[in-house]
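A.B. asks: Quick one: the structure is below, and I'll ask about it shortly.
Bear in mind these aren't lab numbers, they're just calculated from the coordinates by the rules spelled out. The shown structure was predicted, so the numbers you read here are calculated from the model rather than taken from an experiment. All Cβ positions, even for glycine, are placed from backbone atoms using ideal geometry, and neighbour counts span all protein chains on display.
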Amino acid sequence: MAVTSSATTSGAATSSAPVAAGPLRSFIAGHWVAPGGRETPLLDAATGREVATIADGELDIASMVDFGRTVGHRELAELTFHQRALMLKALAQHLMSIKDTLYPLSYATGATRSDSWIDIDGGIGVLYTYGSKGRRDMPNDTVYLDGPAEKLGKTGTFYGQHLYTSLPGVAVQINAFNFPVWGMLEKLAPAFLAGLPTIVKPATASAFLAEATVRAIVEAKILPPGALQLLTGPARGVLDHLDERDLVAFTGSASTARTLRRDDAVIVRGTRFTAEQDSLNCSILAPDATPGTPEFDLYVKALVTEMTAKAGQKCTAIRRALVPESLREAVIDAAQDRITAKVRVGDPRTNGVTMGALVSTAQRDEVLSRVHQLIADGGELAIGNIDRFAVTGADAEAGAFLPPILISSPASADAPHRVEAFGPVATLIGYSDLDHAAELAARGRGSLVASIITHNPDSARHLTRALAPWHGRILLLDRDDAAESTGHGSPLPHLVHGGPGRAGGGEEMGGIRGVLHHMQRTAIQGSPNLLTAVTDRYVPGAPIRTRQTAHDDIPWEHPFRKPLSRLRIGDAVQAGPRPVTLDDIEAFAHTTGDMFYAHMNQQAAEANPLFGGRVAHGYMLISWAAGLFVDPAPGPVLANTGLEDLRFITPVKPGDEITVILVAAQITPRETDDYGEVRWATTITNQRGETVATYTVLTMVAKQ
Ligand code: NAP
């Protein structure tokens, strides 16, 4: 391969980041440990200069695992989800304040500034998201309830409830080389929130950046002891120490995943194993997106972005570009024009460079061998002269450079659906109609992401429904969402990252889903009283304390008079009865303007099969219920923030009477405020004891 270099290195960001002398260390049981053994240099991807060394000596993995299971677990178990979430937020703020020290090391992995931003700032962004979601979407508790209690017996003495608890072991997180910071933090955040100590094993090629990040985390002293340990070096025996208490979250190649899946830890000792691995993601240009439409331009832009960002070393990059056969040449021409105009390959520290180096020359050679496989299977090199291309600001022979490469393959080719070239490489394939496009997409045998570029709702619906079973995420891109779209290749902490089949069958992030993957779900069966005690959430039928049920020795007090410090689950108020008249219904209709016939038109209401006569407005009943249960004087209840799960069950007619019972069902103090949320289970009944309506009232209540 002959490449040309230009000597236009600018002064921008040429300094190297400091790395501690000697081989990269591991952080084991609270101590930084330098391994013995043979040292191998880790090279700057663009210059070939040594950045650090890594040693292959044995590390005391047994102690690490034990420290996580004992000290780490004990420390985390003392924290609620909200307290852990606040630590993640503090960690995000700390890493944001020192991130500039990580960028020079990121350049040494071959990443440009914008690649590094995805890795470093993107990883910090995941911490922020979990820091916020952990407090918004989880209780201030150490267990998480999955769904409502299920009534299992006719009379209501036997219920079931799904409950998540923290696993008793450690999460061993084995990461790929391409996102040393994001890849680590997107696994750490949900595991930490779940109360599971992490042992992170970064990929060797970029371990110097992962090590520097862990060093910054440890120095911040925000996470409790044992919550995070670091294992640098090959760590080939790490699974030997794991059993049913533990979890392995792997990201990397399908072949390594296969080896680890077959380990005795997984198949004999029951260690949980999830994998995020190779993926031959596709992007489909729909037939309506012809040249001249905004969608055609969006397609070409996304294709070039995904080929060049991180030099194509992204598990989510577009590997297969599926376009109408008639548009094949138009797409190639437009992609070539964009690459010529926008892409400069070179040292990421050089001004003007938009695409850096691959992580190592070994990785570059691996990608080239895959390119040759794609060509051998009928592909033509449509874009990218792999024998001669310009490299800016670097010695082209010393660095691991490649140009963007687009291979045009026939629809009959097999290799594009089988061979992953983990670099700036995509294959273009023509399809005949939408079903053919969907069939080609499915030949990837399960992928992380597909994008469909169309402004046609029918095409979007047809393709999405056909592709969804084969994908973890689908992006629908058109002129309407383009400005805000986060793009084909960006996994988001709110959304699931992972895919079926070849992509590994794993699932990471996805908001709280990702936390729950690190916990054990257990179905708990029992009486309402015992389930309420176990879950800290009121189960219908558990004892309540109303004025009517109070004993003389414990006098009843209206629960709205009680701050969080004194309020208990089961504190309740029963109020009523209040009779309902036709005049009340008419007055409510005239006040609100809601003159719906079921309330106001005798004849029409009688003909209604559900009512058989005029009925009260449901909204009148819940307003009246509030009038019955509220204690009006100023007190600890600060606000009513909403209602949830409102159901109108039995209609109320003139002459009926309503009674309401309001029970404190769940109490969630906030860590950072003087108040918290109280959820009240509310039931309205009529004079026959029939349930009229059920709902949950949400309030904010002061702690003192
Ligand atoms: P890899 O060679 O499979 O290595 C992945 C990780 O596994 C590295 O940390 C590696 O350590 C470690 N490892 C390898 N063999 C091991 C063993 N026997 N026991 C314990 N650890 C072992 O993959 P890679 O080259 O780093 O990454 C590129 C691949 O990752 C591509 O195929 C890409 O598609 C995939 N990827 C997938 C995702 C995703 O989310 N789905 C994300 C990024 C990358 P050493 O580095 O020390 O060998």
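A.B. asks: Using a simple charge model, +1 on the beta-carbon of Lys and Arg, -1 on the beta-carbon of Asp and Glu, nothing else, what dipole does the chain show about its Cα centre, in debye to the nearest 20?
C.D. replies: So the dipole magnitude of the chain works out to roughly 1000 debye.
A.B. asks: In a Debye calculation with equal point scatterers on the alpha-carbon sites of segment 544-702 and no solvent, what is log10 I(q)/I(0) at q = 0.15, 0.20 Å⁻¹?
C.D. replies: -0.83, -1.22
A.B. asks: What do you get when you divide the Cα radius of gyration of the chain by 2.2 N^0.38 Å, with N the number of residues?
C.D. replies: With N residues counted in the chain, Rg over 2.2 N^0.38 Å equals 1.15.
A.B. asks: Calculate the length of the line joining the C-alpha centroid of segment 145-199 to that of segment 31-107, in whole Å.
C.D. replies: When both Cα centres are located, 22 Å separates them.
A.B. asks: Working from the pairwise distances between different alpha carbons, so that the mean of 1/r is found and then inverted, what is segment 489-543's Kirkwood radius in Å? Kindly include the intermediate steps, with their values, before the conclusion.
C.D. replies: Values: mean 1/r = 0.0719 Å⁻¹.
Radius from the Kirkwood sum: 13.9 Å.
A.B. asks: Something else now. Can you compute the charge dipole magnitude of segment 544-702 about its Cα centre, using +1 on each Lys and Arg Cβ and -1 on each Asp and Glu Cβ, nothing else charged? Give it in debye, rounded to the nearest 20.
C.D. replies: Dipole about the Cα centre, nearest 20: 220 debye.
A.B. asks: Further, regarding this structure: If the limit is 24 Å between Cα atoms, which of Lys99/Lys342; Lys187/Lys221; Lys201/Lys221; Lys201/Lys342; Lys314/Lys342 go over it?
C.D. replies: As for pairs spanning more than 24 Å Cα to Cα, those are Lys99/Lys342; Lys201/Lys342.
A.B. asks: So for each of 385-397, 486-498, 136-148 I average, over its residues, the number of other beta carbons within 10 Å; can you give me the resulting order with the highest mean first?
C.D. replies: The densest-packed peptide leads the list: 486-498, 385-397, 136-148.
A.B. asks: What is the fewest-to-most order of Thr592, Thr694 by other Cβ atoms lying within 10 Å of their Cβ?
C.D. replies: Details: Thr592 12, Thr694 16.
Final ranking by Cβ density, sparse to dense: Thr592, Thr694.
A.B. asks: Note the full-extension length gain between Ala362 and Leu530 as 0.36 nm times their separation in residues minus their Cα-Cα distance, in nm to one decimal.
C.D. replies: 54.4 nm
A.B. asks: Follow-up question, since we're still on this one. Suppose every K and R has +1 on its Cβ and every D and E has -1 on its Cβ; what is the size of the dipole of segment 27-276 about the Cα centre, in Debye to the nearest 20?
C.D. replies: Around 620 debye, computed over segment 27-276.
A.B. asks: May I pose another question? Projecting each Cα onto the charge dipole of segment 27-276 (Lys/Arg +1, Asp/Glu -1 at the beta carbon, about the Cα centre), which of Ala235, Ile124, Leu102 comes out farthest on the positive side?
C.D. replies: The listed residue farthest towards the positive side: Ile124.
A.B. asks: If you don't mind, another one. How far apart, in nanometres, would the label points at Ala633 and Asp553 be if each is projected 7 angstrom from Cα along the Cα-to-Cβ direction?
C.D. replies: About 2.8 nm, to one decimal.
A.B. asks: Now for a separate question. Between segment 354-424 and segment 633-704, what's the alpha-carbon centroid distance in Å?
C.D. replies: Cα centres, segment 354-424 to segment 633-704: 63 Å.
A.B. asks: Report, by chain and number, residues whose modeled amide H sits under 5 Å from the one on Asn351, excluding near sequence neighbours (fewer than 5 apart, same chain).
C.D. replies: Those qualifying (amide H under 5 Å, at least 5 residues apart or on another chain) are Ser10, Ala12.
A.B. asks: Filter the chain for me: DSSP H helices, axial length by Cα at least 30 angstrom, mean Kyte-Doolittle hydropathy not below 0.0. List them by residue number. The partial results should precede the final answer.
C.D. replies: Details: long enough: none.
Qualifying helices, which must be both long enough and hydrophobic enough, do not occur.
A.B. asks: Ok, one more. Given H placed on each backbone N at 1.01 Å, which residues far from Phe273 in sequence or on other chains put an amide H within less than 5 Å of it?
C.D. replies: Those lying under 5 Å, H to H, from Phe273 are Val248.
A.B. asks: Can you spot the aspartates and glutamates whose alpha carbon is less than 17 Å from Lys310's alpha carbon? Ignore those fewer than 8 places along the same chain.
C.D. replies: Within reach: Asp44, Asp115, Asp119, Asp121, Asp278, Asp347, Asp365, Glu366, Glu420.
A.B. asks: Lys/Arg Cβ at +1, Asp/Glu Cβ at -1, dipole of the chain taken about the Cα centre: which of His497, Ala598, Ile267 is farthest positive-ward?
C.D. replies: Farthest towards the positive end: Ile267.
A.B. asks: Can you compute 3J(HN,Hα) from phi for each residue in segment 477-486, using the Karplus curve 6.51 cos²θ - 1.76 cosθ + 1.60 with θ = phi - 60°, rounded to whole Hz and x for Gly and Pro?
C.D. replies: 10, 8, 4, 6, 9, 4, 5, 9, 4, 8
A.B. asks: Loop only by DSSP, 11 or fewer other Cβ within 10 Å of the Cβ. Give me the trypsin sites (Lys or Arg not before Pro) in segment 259-305 that pass, ordered by residue number.
C.D. replies: Listed in order of number, the matching sites are Arg262.
A.B. asks: So what is the calculated 222 nm ellipticity per residue for the chain, using -39500 (n - 2.57) for each DSSP H run with n of 4 or more, over all residues, to the nearest 500 deg cm²/dmol?
C.D. replies: -8500 deg cm²/dmol
A.B. asks: Tell me, what is the percent relative contact order of segment 27-276, built from C-alpha pairs under 8 Å that lie six or more residues apart?
C.D. replies: Values: 450 pairs, mean separation 57.3, N = 250.
Once divided by the residue count of segment 27-276, the mean separation gives 23 percent.
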